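Chemist: There's a structure below that I have some questions on.
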Amino acid sequence: MASDVEKWKDELYGTEIRAEIERFAEAGWEAIPDDEHDAWFERFKWYGLYHQRAGQESYFMMRIGPPGGVLEPGQFRQLVEIADDFSRGPAENPEFGNGWIDVTTRQAIQLHWIRLEDVPEIFDRLEAVGLSTVQACGDSWRNIVGCPVAGKDKHEHVDADTLATELHDTFKRNETYSNLPRKWKVSVTGCDEGCGQGDINDLAFEPAEKEIDGESVTGYNVRVGGGLSRNEPRLARDIDVFVTQEQAIEVAGGISGLFRDHGDRENRYNARMKFLVDEWGPEAIRETLQADYVDFELETAGEDLRDSYSYNAGEADGKHDHVGVHEQDDGNYYVGLNVLVGRIGVDDAYELADAAATYGSGEVRLTQRQNIVFTDVPAENLDDLRGEAVLDDYSPDPHPFQRGSIACTGTEFCSLSIVETKNRQVRFGRWLTDNVSLPEGVENFHIHLSGCTASCAQPQIADVSLRGMKTRKNGEPVEALDIGLGGGLGAEPQFASWVAERIPADEVPGAIANLIENFTEVRDGNESFREFVAARDADELADLIEPEETDYDDPYLHNTKRTWYPYADEDDLEASPAPARADGTPISSDD
Amino acid sequence: MSIALRTLDDGAWISVNNSRQVSVSDVWTLSRGVFCDCKPAYVLLEAFLDVRVDGPTVVAEAVGQCLECGVRETITYLPVGRIVDGTFEPVDPETVQSVLEPAGKH
Ligand code: HEM
Ligand code: SF4
Ligand SMILES: [Zn+2]
């Protein structure tokens, strides 16, 4: 039987949702009929609006997806102003205050505490600078990710920025592809470093070269069916197809059409491309694509550049991210700034917007490591940019534990989450920076924290993967983390293996400290952490993790999900001010 | 009066009459050693797979993991609440649940 979600999508989905949002915004939150809440909130996702978790009714998360993470001059500032005016909650976050923007692992911006009544004005302001929330959530083409410095980078082989933008322009608001069985995530890589993270996407374009009619042509190889969610991580699989830039659009439409028609609409758990590829195999995907979805003869795969991929490849040296000062191919520089767990308070964000405009072109790009990049900075401006006070906190040269930290949304706003994430990761990073040193020559160490198995923080491709769990400590349930080790991308991508389970969250920094100490002691010469993990079996590794309490203090051990907001003075669900009217006054419920 | 029951957001919660009533990530106490050998078993629910009514009882199918022994299993019959006069009354996850069919039976 088709799920309720499929039924609702059949009735109304895609661009038609816009008018309904406007209608409800005009009439106010209470105008949404009680018995239609589930249906409308499911539909709103298509326009980038996600109803926040229990205890926060009537407040929405809003996601804005610029293709490839490129925010043109002026766009970043507009987002900051919108956050300043509309993204304010009824309580403060102790680390981040009230009013901020989140940079996400798929190069999008997320705003929280958005009121439905404000949405039309926000949409207008976004559109005024060429931004939109369309398909940022929901069952369709999500934000297209790619090399964050595409078009600027010395390592580039094909212009990934152009393709990402063309895909965005073709498949956003495109009725033929607006209702897919589930989300559809696409990545475009153009460089020889592999920073598009294609391997963990539903559809990946990767740079390649192919001899066609005696001529060497540059374009892309195609992989499909990667993803991290639900304890079932998959690397995208090679379907032996090479495309030119022009063919890429048709093939992308073809593959998402294949998914639209053959993906599992009966069972949402099973409705991802990775499971279809499991079931059919890459050959059958290719055959069906050729037979039913494209009008020209597909080329077989070309020569790829995967052997040179260095991004998150686990070597002790090598380029792991886009943080720092790097020369562009035009002689200007791009400057990657570290954003701890992706969150920027509005006051800082204004200063960053100013700095980007003063010293560079004003363009700000978002990376899949939740960081930002200023582009087009002339050499003579670099020193002045480095001297800006705001760069003390958003540093081009951060400590490895700050630089390597990624955290998802967690119990603060997300209904799936099992544990608190962002504030905890900030505290982990601070404690590790103060207490732990990495061995000689290890400049990069990635620690990713996800609140549940959906894996939004991409834990499986980190050196240390942390995933939300619970355990019992002194007879009480407490928030805990599973610990995985040795994940990463590169020529030989590898998912972390889970070697320690249900470690109470307050013992995790101690566990990481002991692990790094053991690694420093027994590693072979300048073995990287990933090589070190690969050379050992799970039991050996588990022995190297010795969880223990330290002077690290974890204020979020109790069940943060049972609160309306984990940091409120009165955090009890009963004390929730939600749902609330547009002006924030609670709407009393008398059922 | 008919009751609208469904799981949403990838099994994150159970909706009863369009209101979020039961959420994953709570620890449920299960008795009788039917989930695993632990007595009682403290089981973290990770996802709801299905929900239905059985008489007045709202019953979920869920995936969970035992916090002591680590067994991860499907629970086919987990009472999560009751419908009383058309209103949902949730079961407290911390009270011991004994009405539980053997895991794996479908
Ligand atoms: C309010 C609830 C949620 C919040 C705040 C949230 C937040 C996020 C964020 C920040 C990202 C990365 C950014 C992006 O896509 O632009 C993300 C990605 C993701 N989300 Fe969520 N999410 C929520 C609900 C969900 C749900 C319900 C699911 C599953 C049904 C889910 C599964 C994922 C997965 C699998 C990824 C991507 C990981 C990858 O790169 O493969 N999220 N989410
Ligand atoms: S990983 Fe889980 S907890 Fe974290 S944002 Fe994604 S769905 Fe929510
Ligand atoms: Zn057990």
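Chemist: Given labels modelled 7 Å from the Cα in the Cβ direction, how far is it in nm from A:PHE296 to A:GLU266?
Modeler: 3.8 nm
Chemist: Taking the Cα atoms of the stretch A:403-558, what is the range of coordinates along each of the three principal axes, in descending order and whole Å?
Modeler: Between the extreme Cα coordinates on each principal axis of the stretch A:403-558 lie 42, 32, 28 Å.
Chemist: What is the sum of charges around A:GLY130, taking Lys and Arg as +1, Asp and Glu as -1, for the other residues whose C-beta is under 12 Å from the C-beta of A:GLY130? Please list the in-between numbers first.
Modeler: On the way: positive: A:ARG125; negative: A:GLU72, A:GLU127, A:ASP169.
Charge balance near A:GLY130 sits at -2.
Chemist: Return the lysines within reach of A:LYS172: Cα separation strictly under 24 angstrom, same-chain partners fewer than 8 residues apart disregarded; answer none if there are no such residues.
Modeler: Partners found: A:LYS7, A:LYS9, A:LYS45, A:LYS183, A:LYS185, A:LYS274.
Chemist: Starting from the amide H of B:TYR77, placed 1.01 Å from N in the peptide plane, find each other amide H under 5 Å away whose residue is 5 or more places distant or on another chain.
Modeler: When sequence neighbours closer than 5 places are left aside, the close amide H contacts are B:GLU101.
Chemist: Name the residues of the stretch A:445-479 whose accessible area falls by at least 30 Å² when all protein chains are present instead of the chain alone, probe 1.4 Å?
Modeler: A:MET469, A:LYS470, A:ARG472
Chemist: Over chain A, what is the relative contact order in whole percent, taking alpha-carbon pairs under 8 Å and six or more residues apart?
Modeler: Values: 1402 pairs, mean separation 80.0, N = 591.
After rounding, I find 14 percent.
Chemist: Scale the Cα Rg of chain A by the rule-of-thumb value 2.2 N^0.38 Å and send over the ratio, two decimals.
Modeler: Numbers: Rg = 23.2 Å, N = 591, 2.2 N^0.38 = 24.9 Å.
In units of the 2.2 N^0.38 Å rule of thumb, it is 0.93.
Chemist: Along the stretch A:421-432, what does the Karplus equation 6.51 cos²θ - 1.76 cosθ + 1.60 (θ = phi - 60°) give for ³J(HN,Hα), rounded to whole Hz, x for Gly and Pro?
Modeler: With the stated coefficients, the stretch A:421-432 comes to 10, 4, 5, 5, 5, 4, 5, 4, x, 4, 5, 5 Hz.
Chemist: So if R0 is 30 Å, what FRET efficiency would A:ALA284 and A:SER216 give, r being the distance between their Cβ atoms, rounded to the nearest 0.05? Don't skip to the end; give the middle numbers.
Modeler: Details: r = 30 Å, r/R0 = 1.01.
E between A:ALA284 and A:SER216, to the nearest 0.05, is 0.50.
Chemist: Which value, to two decimals, describes the C-alpha radius of gyration of the stretch A:324-397 once divided by 2.2 N^0.38 Å? Walk me through the numbers on the way to the answer.
Modeler: Values: Rg = 11.1 Å, N = 74, 2.2 N^0.38 = 11.3 Å.
Here the answer is 0.99, to two decimals.
Chemist: Right, another one. Quick one: Karplus J couplings for the stretch A:140-152, per residue in order, coefficients 6.51, -1.76, 1.60, θ = phi - 60°, nearest Hz, x for Gly and Pro?
Modeler: 6, 5, 7, 4, 7, 9, x, 4, x, 10, 3, x, 10
Chemist: In units of 2.2 N^0.38 Å, what is the alpha-carbon radius of gyration of the stretch B:5-94? List each step's numbers first, then the result.
Modeler: Values: Rg = 12.7 Å, N = 90, 2.2 N^0.38 = 12.2 Å.
The value comes to 1.04.
Chemist: Once label points are set 7 Å from the Cα along Cα→Cβ at both B:THR57 and A:THR550, what is their separation, rounded to one decimal in nm?
Modeler: Once both label points are built, they end up 4.8 nm from each other.
Chemist: List the extent of the Cα atoms of the stretch A:1-89 along each of their three principal axes, largest first, rounded to whole Å.
Modeler: For the stretch A:1-89, the Cα extents along the three principal axes come out at 47, 28, 24 Å.
Chemist: Given a 1.4 Å probe and no ligands, DNA or RNA in the count, how much accessible surface is buried by B and A, both sides, to the nearest 100 Å²? If you can, show how the numbers build up before the last one.
Modeler: On the way: alone 5890 and 22290 Å², together 25630 Å².
Counting both chains, the buried surface is close to 2600 Å².
Chemist: Compute the distance from the alpha-carbon center of the stretch A:211-236 to that of the stretch A:382-420, in whole Å.
Modeler: Computed from Cα coordinates, the inter-centre distance equals 30 Å.
Chemist: Using amide H atoms built in the peptide plane, which far-off residues or other-chain residues are under 5 Å from A:ALA454 H to H?
Modeler: Result for A:ALA454 returns A:ARG230.
Chemist: Per residue, how much accessible area does the stretch A:150-308 show when a 1.4 Å probe rolls over the protein heavy atoms, in square angstrom?
Modeler: Working: 6150 Å² over 159 residues.
It amounts to 39 Å² per residue over the stretch A:150-308.
Chemist: Whole-Hz ³J(HN,Hα) for each residue in the stretch B:66-79, computed from phi via Karplus 6.51 cos²θ - 1.76 cosθ + 1.60 with θ = phi - 60°, x for glycine and proline: what do you get?
Modeler: 6, 6, 8, 9, x, 4, 10, 8, 8, 9, 8, 9, 10, x
Chemist: With every protein chain kept in the model, how would you rank A:SER395, A:SER216 by accessible area, 1.4 Å probe, largest at the top? Please list the in-between numbers first.
Modeler: Details: A:SER395 20, A:SER216 75 Å².
In descending accessible area the options line up as A:SER216, A:SER395.
Chemist: Dipole of the protein assembly as shown, Cα-centred, from +1 at each Lys and Arg C-beta and -1 at each Asp and Glu C-beta, to the nearest 20 debye? Working shown, then result.
Modeler: Numbers: 62 positive and 133 negative charges, 359 e Å.
That gives a dipole near 1720 debye.
Chemist: Taking the alpha-carbon distance from A:LYS470 and a cut-off under 20 Å, which lysines remain once sequence neighbours fewer than 8 residues away in the same chain are dropped?
Modeler: The qualifying lysines are A:LYS422, A:LYS561, B:LYS39.
Chemist: If you don't mind, there's one more thing I want to ask. Tell me the Rg and the Dmax, in Å, that the Cα atoms of the stretch A:160-206 produce.
Modeler: Cα-based Rg and Dmax for the stretch A:160-206 come out at 11.6, 35 Å.
Chemist: Roughly how big is the stretch A:403-558's charge dipole about its Cα centre, with Cβ charges of +1 (Lys, Arg) and -1 (Asp, Glu), in debye to the nearest 20?
Modeler: 740 debye
Chemist: I need the Kirkwood Rh of the stretch A:124-263: take the reciprocal of the average 1/r across all distinct C-alpha pairs and report it in angstrom. Mind showing how you got there, number by number?
Modeler: Details: mean 1/r = 0.0645 Å⁻¹.
Taking every pair of different Cα atoms in the stretch A:124-263, averaging 1/r and inverting gives 15.5 Å.
Chemist: Jot down the radius of gyration and Dmax of the stretch A:509-591, Cα atoms only, both in angstrom.
Modeler: 22.6, 68
The values are calculated or read from the model by the stated rules, or taken from the named source; none is laboratory data. Here the structure is a predicted model, which is why all the values come from computation and not from measurement. When we count neighbours, we look across all protein chains shown, and the Cβ atoms used for this are built from the backbone with ideal geometry, even at glycine. Heavy atoms of the whole protein, side chains included, go into the accessibility calculation; ligands, DNA and RNA do not. Shrake-Rupley method; radii C 1.70, N 1.55, O 1.52, S 1.80 Å.
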